[in-house]
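Comments concern the structure below.
The values are calculated or read from the model by the stated rules, or taken from the named source; none is laboratory data. Every value quoted in this text rests on a predicted model; they were computed, and no experiment measured them. Ideal geometry is used to build each Cβ from the backbone, glycine not excepted, and the neighbour counts take in all protein chains shown. Just so you know, the surface numbers come from the protein's heavy atoms only, side chains and all, with ligands and any DNA or RNA stripped out. Shrake-Rupley method; radii C 1.70, N 1.55, O 1.52, S 1.80 Å.
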Amino acid sequence: MRVLVTGGAGFIGSHIVTALVEHGHEPVVLDALLPAAHPTAAHPDPPSAGGEWIHADVRDRGAVVAALRGVDAVCHQAAMVGLGKDFADAPAYVGCNDLGTAVLLAAMAECGVRELVLAGSMVVYGEGRYDCPRHGRVRPGPRAEADLAAGRFDPRCPECGTPLRPGLVGEDAPADPRNVYATTKLAQEHLAAAWARAVGGRAVSLRYHNVYGPGMPRDTPYAGVASFFRSALARGEAPTVFEDGGQRRDFIHVRDVAAANVAALEAAPEVVAPSALTAYNTGSDDPHTVGEMAMALATAFGGPAPVVTGGYRLGDVRHITASSRRIRERLGWRPAVSFHEGMTEFAHAPQRAGV
Ligand SMILES: NC(=O)c1ccc[n+]([C@@H]2O[C@H](COP(=O)([O-])OP(=O)(O)OC[C@H]3O[C@@H](n4cnc5c(N)ncnc54)[C@H](O)[C@@H]3O)[C@@H](O)[C@H]2O)c1
Ligand SMILES: [Zn+2]
């Protein structure tokens with residue numbers, strides 16, 4: 001299969017390109033080499049081994065149409081990621097992620113390409129799923145600064161104020177994007193669903209959880225927490241853990257995410273609905289706290305031990321863990337890299353240059 005991989009020079013995209021080649025497919029990479037992702041402009045990260053390479057922006061319709069020649073499917077990874085610096089970044093996020101997706105989908109409609117796999121994200125859910133012992137399933141709003149400052153980190157029941165028990169989010173949970181990036185990731189899904197209905201296409205959104213592994217960018221305002229800890233250790237510093245370290249996340253290895261993309265691209269027409277978007281949580285189903293992750297990395301690296309600071313960032317969610325049963329059952333994918341193996345490897349794996 002000939003597959004256009006947008007964002008194929010990035011962290012996850014480059015692992016997807018490798019996995020596609022290993023599976024006998026023909027990747028074509030289109031990437032704008034955004035400075036936020038590739039800060040060493042004089043020596044941009046070379047596109048991954050194998051496949052053709054086009055230096056272009058997904059908002060450049062002519063370039064995308066040319067790149068789609070002979071292509072069977074598109075694997076859309078290109079996006080501005082992370083939280084950014086402040087709200088002034090909003091137009092850049094919406095431009096790259098949503099206008100970019102609209103231009104790509106319009107070009108696919110024009111060229112008759114009907115298969116799309118989208119890099120979705122668990123950020124579309126906002127806070128995870130919670131149960132109150134008295135009120136059952138509840139949806140807590142954003143946490144109040146006074147609570148965070150007082151060290152009351154766990155969301156409380158909106159009805160009775162009891163601390164809530166976190167559970168696993170399923171794909172049908174209501175969307176609740178809490179920041180600009182999350183909003184753009186949700187809009188990408190809505191655009192892809194609209195495209196699928198309009199052209200009879202098949203769209204899959206793989207809602208990745210916290211992806212980590214070799215090639216992850218070093219600490220930038222745009223990278224994930226595993227990368228911050230890994231960078232601190234590399235400088236000989238202790239990883240600093242916010243809140244009380246009890247935030248639960250689902251850490252998923254980048255090679256497993258790449259394999260999920262290959263599985264979605266290879267999925268038989270019977271298992272992916274036509275004229276619709278199907279979302280799949282893509283996580284390990286083995287939740288760990290951020291504190292445990294810091295400890296696993298520090299131990300594998302050989303110290304220093306993490307320091308739990310009690311600091312916090314307004315807008316961070318407390319727990320977000322999902323059930324990835326749907327993708328296991330329907331696409332036959334399951335993660336191959338355990339938390340322990342993955343963190344041990346990541347402690348010594350190369351990272352990409354930071355800003
Ligand atoms: N890293 C994670 O934990 C995570 C979690 C959930 C979802 N995702 C999604 O996975 C995808 C890949 O993320 P990543 O972590 O590899 O990030 P990354 O920054 O390493 O890679 C993104 C790539 O897209 C390119 N790009 C961005 N905007 C572009 C545009 N307009 N035109 C062409 N190329 C453009 C960048 O140059 C970069 O190479 C993104 O869609 C992201 O939203 C990532
Ligand atoms: Zn209650």
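Key figures
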{"item": "Positions within the range 60-76 being over 11 Å from residue 110 (Cβ atoms) and in contact (Cβ under 8 Å) with a residue 40 or more places away in the chain, in sequence order", "result": "60, 67, 69, 70, 71, 72, 73, 74, 75, 76"}
{"item": "When residues of the range 263-286 are limited to those that are surrounded by fewer than 24 Cβ atoms within 10 Å (Cβ to Cβ) and either hydroxyl-bearing (Ser, Thr, Tyr) or under 16 Å from the mean Cα position of the chain (by Cα) (or both), the one farthest from residue 170 (Cα to Cα)", "result": "275"}
{"item": "Cβ-Cβ under 7 Å pairs, at least 6 apart or on other chains, the range 12-39 side open to solvent by 10 Å² or more (accessible area, probe 1.4 Å) and within 6 Å of ligand 1 (Cβ to nearest atom), far side at pLDDT 95 or above and charged (D, E, K, R)", "result": "32/57"}
{"item": "Meets criteria (open to solvent by less than 50 Å² (accessible area, probe 1.4 Å), part of a loop (DSSP other than H, G, I, E, B) and either at pLDDT 95 or above or within 16 Å of ligand 1 (Cβ to nearest atom) (or both)) for residue 171", "result": "yes"}
{"item": "Residue among 224, 303, 236, 215 that alone is at positive phi, within 13 Å of ligand 1 (Cβ to nearest atom) and open to solvent by 10 Å² or more (accessible area, probe 1.4 Å)", "result": "215"}
{"item": "Residue count for the range 158-168, restricted to those that are assigned to a loop (DSSP other than H, G, I, E, B) and in contact with a strand residue (DSSP E or B) (Cβ under 9 Å, 6 or more places away or on another chain)", "result": "6"}
{"item": "Residue tally, condition in a strand (DSSP E or B) and either within 16 Å of ligand 2 (Cβ to nearest atom) or open to solvent by 50 Å² or more (accessible area, probe 1.4 Å) (or both), over the range 106-137", "result": "7"}
{"item": "Pick from the range 138-162, criterion open to solvent by 30 Å² or more (accessible area, probe 1.4 Å) and among the hydrophobic types (A, V, I, L, M, F, W, C), ranking: farthest from ligand 2 (Cβ to nearest atom)", "result": "149"}
{"item": "Check on residue 155, in contact with a strand residue (DSSP E or B) (Cβ under 9 Å, 6 or more places away or on another chain) and either more than 15 Å from ligand 1 (Cβ to nearest atom) or within 27 Å of residue 242 (Cα to Cα) (or both)", "result": "yes"}
{"item": "Residues of the range 288-329 that turn out to be closer than 23 Å to residue 349 by Cβ and modelled with pLDDT under 95, as a count", "result": "1"}
{"item": "Answer from 186, 206 - the residue that is in a strand (DSSP E or B), within 17 Å of the chain's Cα centre (by Cα), surrounded by 19 or more Cβ atoms within 10 Å (Cβ to Cβ) and touching a residue at least 24 places away in the same chain (Cβ under 8 Å)", "result": "206"}
{"item": "Matching residues, the range 92-104, being open to solvent by 10 Å² or more (accessible area, probe 1.4 Å) and in contact with a Leu (Cβ under 8 Å, 6 or more places away or on another chain)", "result": "96, 98, 102"}
